[in-house]
Amino acid sequence: MPCKYIIWWSLIMLSSLPLQAAEGIHYSIVVTIDPSSRMLSGKSRITLPAADQLELVLSRRFTVTHLQAEGVHVTQQSSGQGGVQSWRITTGLSSEKMELRQITLHWQGALAELDQTLDHAQTLGRPVPVSGAEGTFLPDASAWYPFVPGALASYQVELSLPFGQRGLVAGKLVQESESESETDGYHASFIFEHPSDGIDLMAGPYQISHSTIRSAISAKEIRLSTYFHPEIDGLARDYLESVKQYIAFYEQWIGEYPFTEFSVVSSPTPTGFGMPTLTYLGVNVLKLPFIRATSLGHEVLHNWWGNGVYADYSRGNWSEGLTTFMADYTYKVQQGSERAREMRLDWLRDFTALAPGQDQPLLTFTSRTHGASKIVGYNKAAMFFLMLRDELGDAIFDEAVRALWREQRFRVTAWQDIQRIFERIAKRSLDIYFRQWLTRTGAPRIHIAQAKSRAMKDGRFKLTVVLTQAGAAYQLRVPVMVRDRSGGQENLFANLESTQQTFEWILPSRPVEVLLDPGFQLFRLLAAEEAPPILREGMVNQLAKTILLPTPDSESYRIAHDLVSSLQGRKPFLVNKQLDSGQTPLMVAGLTQQVNHWLAQQGLPAMPDTLLEDEATAYVWATRASGGAAMIIISARDNQSLLALRRSLPHYGRQSYLVYDGATVIGKGVWPAQPPAISVSDGS
């Protein structure tokens, strides 16, 4: 799930200032919110450094009722960008020696109405301050308070809410009180002493539960809390225990947890954000049984990477990749080697499915905006760290991770800083490795061109293997598995540095088969037999075409059109009902009778008989056309069955097939993958 700073990126672009720790910026904010009227009133005292010039911004939805400056000149700009009003702040000649540089502002205005029908993507793309009885969310990207864009700052926030509402911002809770009196209500004060990249505020009708854990490194007490809507308050104890386990795990791996708190906060919409000291997750998301074992740990880890060591967006966001590797992938490893292999295959399969132009160098990834950007910024970046660990070994990799934490804590950090630290710990240059994986698009495509063996006089065998790679050569450590006649196997590595290279190994028994990277340890483009089609190929590929089989202007046509639009995140690119031999994915949708008739006309197989279910109301599956392009078939019994797919289908992109009973998935799976293999010829 994305971190808070992902939605904040849009506001960084308002200023020419790069992300920086401008020493001395501090916000002291007092804010009162009434969710019933959706009114906000606030006042802020901003302490500024001795900079020649700064900019201050605030959303245009608010009216400034008071502005006072001490030690600086403030000039309101004639126009603002992105829905904000702005002020230019300059240091006057008479104030150069003044120690006090402050601006005090009072502002007020109406918040937008909370819309609980939004999904996560819509919330992510709509950084608007919202409020209602079920919750208030003021994302930093909404400019709900006056701040200096592009600068890190410390802050203190005093929050007032009506009785029955409770809220928080990231930071240390220093005071809290509540009274049923209409004039008192709920009050809380928070302080964040470290340089921060923004302030998000959350409130709602929360039940609050607490626990504590002591740091195994410093023995400091860490306060753990859940701010849950009443209907999920029964989950609080389990979530608190899980947080304890994650903090203990990552302290041992990385170093001391950087804060004194961590809270899990529920949202009335299906959001998933991580901020320093807390994570904000949708109520329905928190109900899912697997969240504590997956997404929760990811968000806890972001307190080290992203919220503890800051990514330098101007030179690429590395934090999502390192977090995905040390959280999501690590949990799969803990479940067993086969589960980890499945995740690596998923990453490679997703990347292989990208259309031309959807890829980007890791150095240019800043935030997740669509499925393709996640494939690069999360998955490819995670595999970058996985391959780096395989290259250096666990001990050196872990030592470098701990050094990264010690040296860059609360500092803006670029990929180049990571390279410098890893090189120092590894005592070797990693320039080629970092350069080829960070600056290039695409991935290597490797092929076993030849494999032969020759018996030796001492009873052993010499194996000769020729590997090739298309395009400009990568320097790669290619895993190779060799099988003998008895079924035994040996894992080898080939240091491939050119477009064609010959490797020789001496083996104790006669080899009969050579397999290329059967464990999917190397980031590369998959061969056709390795990449069985999955549903995501028709979802993330922006060039994908669509055939709608129902009669235009019919209700079935409208439902199918809306379904495909939601899957692809755009208006479908409709084509005629004749199958061509193109290489772009194709999505075909309609009612069962229409789909079966069309498949028969095209000479294509229907859903395999082994997967048919009597109670099934819809089938969705992926196959390949003769040209190799993925073809996604959506077949539903009637309009209601077609309509029932819309909510859940987008979440099953990694599957090759689905069987539905109404809105419930009763069968799913992935067609088997076969790694490239070649029989070994006799070279004697």
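Listed by position, the strands (runs of 3 or more DSSP E) enclosed by segment 170-222 that each have at least 3 residues that are more than 26 Å from Leu114 (Cα to Cα) are 172-179, 185-196, 207-214. Of the numbered criteria (1) closer than 30 Å to Leu526 by Cα; (2) in a loop (DSSP other than H, G, I, E, B); (3) not acidic (Asp, Glu), the one Val376 fails is (2). Taking the conditions (1) buried (at least 17 other Cβ atoms within 10 Å of the Cβ); (2) part of a loop (DSSP other than H, G, I, E, B) in turn, Gln501 satisfies each one other than (2). Under 28 Å from the mean Cα position of the chain (by Cα), surrounded by 14 or more Cβ atoms within 10 Å (Cβ to Cβ) and over 21 Å from Leu348 (Cβ atoms), is that true of Leu591? In short, no. Put simply, of Ile217, Ile213, Ile222 the only residue that is exposed (fewer than 15 other Cβ atoms within 10 Å of the Cβ) and in contact with a helix residue (DSSP H, G or I) (Cβ under 7 Å, 6 or more places away or on another chain) is Ile217.
A quick yes/no check of all residues on (1) surrounded by fewer than 16 Cβ atoms within 10 Å (Cβ to Cβ); (2) within 32 Å of the chain's Cα centre (by Cα); (3) modelled with pLDDT of 95 or more:
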position	(1), (2), (3)
Ile25	no, yes, no
Ile33	no, yes, yes
Ser41	no, no, yes
Arg45	no, no, yes
Gln53	yes, no, no
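The number of residues in segment 186-207 that are open to solvent by less than 50 Å² (accessible area, probe 1.4 Å), modelled with pLDDT of 95 or more and out of contact with any Pro (no Cβ under 8 Å at 6 or more places or on another chain) comes to 8. Checked against (1) open to solvent by 10 Å² or more (accessible area, probe 1.4 Å); (2) touching a Gly at 6+ places or on another chain (Cβ under 7 Å); (3) more than 20 Å from Asp562 (Cα to Cα); (4) small (Gly, Ala, Ser), Ala630 passes all but condition (1). Being in contact with a helix residue (DSSP H, G or I) (Cβ under 9 Å, 6 or more places away or on another chain) and either at pLDDT 85 or above or open to solvent by less than 70 Å² (accessible area, probe 1.4 Å) (or both): is that true of Leu611 here? In short, no. May I ask you to verify whether Leu515 is among the aliphatic types (A, V, I, L, M) and open to solvent by less than 80 Å² (accessible area, probe 1.4 Å)? Against the criterion (among the aliphatic types (A, V, I, L, M) and open to solvent by less than 80 Å² (accessible area, probe 1.4 Å)), Leu515 qualifies. Got a number for residues in segment 129-169 being open to solvent by 10 Å² or more (accessible area, probe 1.4 Å), in contact with a Pro (Cβ under 8 Å, 6 or more places away or on another chain) and in a loop (DSSP other than H, G, I, E, B)? Result for segment 129-169: 5. Regarding Leu645, is this residue crowded, with 21+ Cβ neighbours inside 10 Å, farther than 18 Å from Pro533 by Cβ, within 25 Å of the chain's Cα centre (by Cα) and of a type outside the set (Asp, Glu)? Yes.
Would you confirm whether or not segment 231-244 contains a residue that is assigned to a strand (DSSP E or B) and either without any contact (Cβ under 8 Å) to a residue 24 or more places away in the chain or closer than 30 Å to Ala143 by Cβ (or both)? No - not one qualifying residue is present in segment 231-244. Examine segment 420-438 for a residue that is at pLDDT 95 or above, over 21 Å from Gln360 (Cβ atoms) and among the polar types (S, T, N, Q), and state whether such a residue exists. Yes, there is a match, as at least one residue in segment 420-438 is at pLDDT 95 or above, over 21 Å from Gln360 (Cβ atoms) and among the polar types (S, T, N, Q).
The values are calculated or read from the model by the stated rules, or taken from the named source; none is laboratory data. None of these values were measured; they are calculated from a predicted model. Every residue, glycine as well, gets a Cβ built from its backbone with ideal geometry; the counts of neighbours run over all protein chains shown. Just the protein is used for accessible areas: all its heavy atoms, side chains included, with ligands, DNA and RNA removed. Shrake-Rupley method; radii C 1.70, N 1.55, O 1.52, S 1.80 Å.
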